[in-house]
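*Asks:* Take this structure first; my questions come after.
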Amino acid sequence: MSSRIPKKVLTLKQFMLRQEVLNLYREVLRTAQKLDGDQKSEIIKWARSDFETHRSQTNEETIRGLLINGRQMVKELQSTIKKTM
């Protein structure tokens, strides 16, 4: 029996930061669900592309900056959606 040992063990700080990133991604997807067909697919495509582009980022300060920008963009998107409904 082989045990599953992760290739790289994350520190608590890295783990918490990873959870923040995943939560932001989920929030983007939930927000996109409120949109219609083409808009929805464009937002999902954009989010997937953007997150994939920065996937290998390891600098914590850079990741925090990206999280701040991402949260702001989600708030703006949610605000725009509320105005159109």
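Nothing in this text is a laboratory measurement; each read-out follows from the coordinates by a stated rule. Note that the structure is a prediction, hence the values are computed from the model and not measured. Note that each Cβ is placed from the backbone with ideal geometry, even for glycine, and that neighbours are counted across all protein chains shown.
*Asks:* Could you give the angle, 0 to 90 degrees to the nearest 10, between helix 60-84's Cα long axis and the longest principal axis of the Cα atoms of the chain?
*Replies:* Result, in degrees: 20.
*Asks:* Now a separate question. For the chain, what does the relative contact order come out to in percent, with C-alpha contacts under 8 Å and a separation of six or more?
*Replies:* 36
*Asks:* Near Lys82, which aspartates and glutamates are there with a Cα under 20 Å away, not counting those fewer than 8 places off in the same chain?
*Replies:* Here the aspartates and glutamates satisfying the reach criterion relative to Lys82 are Glu27, Asp36, Asp38, Glu42.
*Asks:* Follow-up. Rounding to the nearest 20 debye, state how big the charge dipole of the chain is about its Cα centre with +1 on each Lys and Arg Cβ and -1 on each Asp and Glu Cβ.
*Replies:* The dipole magnitude comes to about 320 debye.
*Asks:* Which of the peptides 60-68, 10-18 is most tightly packed, and how do the rest follow, judged by the mean count of other Cβ atoms within 10 Å per residue?
*Replies:* 60-68, 10-18
*Asks:* Here is the link list: Lys40/Lys83; Lys45/Lys83; Lys7/Lys34; Lys8/Lys45. Which ones come out longer than 26 Å on Cα distance?
*Replies:* Check vs 26 Å cut-off fails for Lys7/Lys34; Lys8/Lys45.
*Asks:* Further question: Once R0 is set to 35 Å, what does the formula 1/(1 + (r/R0)^6) return for the Cβ-Cβ distance between Gln33 and Gln57, expressed as a FRET efficiency to the nearest 0.05?
*Replies:* 0.85
*Asks:* Moving on to the next point. By how many nm would the segment from Lys45 to Leu22 grow when fully extended, if each residue of separation counts as 0.36 nm and the alpha-carbon distance is taken off?
*Replies:* 6.7 nm is the gain from fully extending Lys45 to Leu22.
*Asks:* Could you list, bin by bin from short to long, the percent of Cα-Cα pairs of the chain in 10 Å steps?
*Replies:* 15, 42, 26, 13, 4, 0
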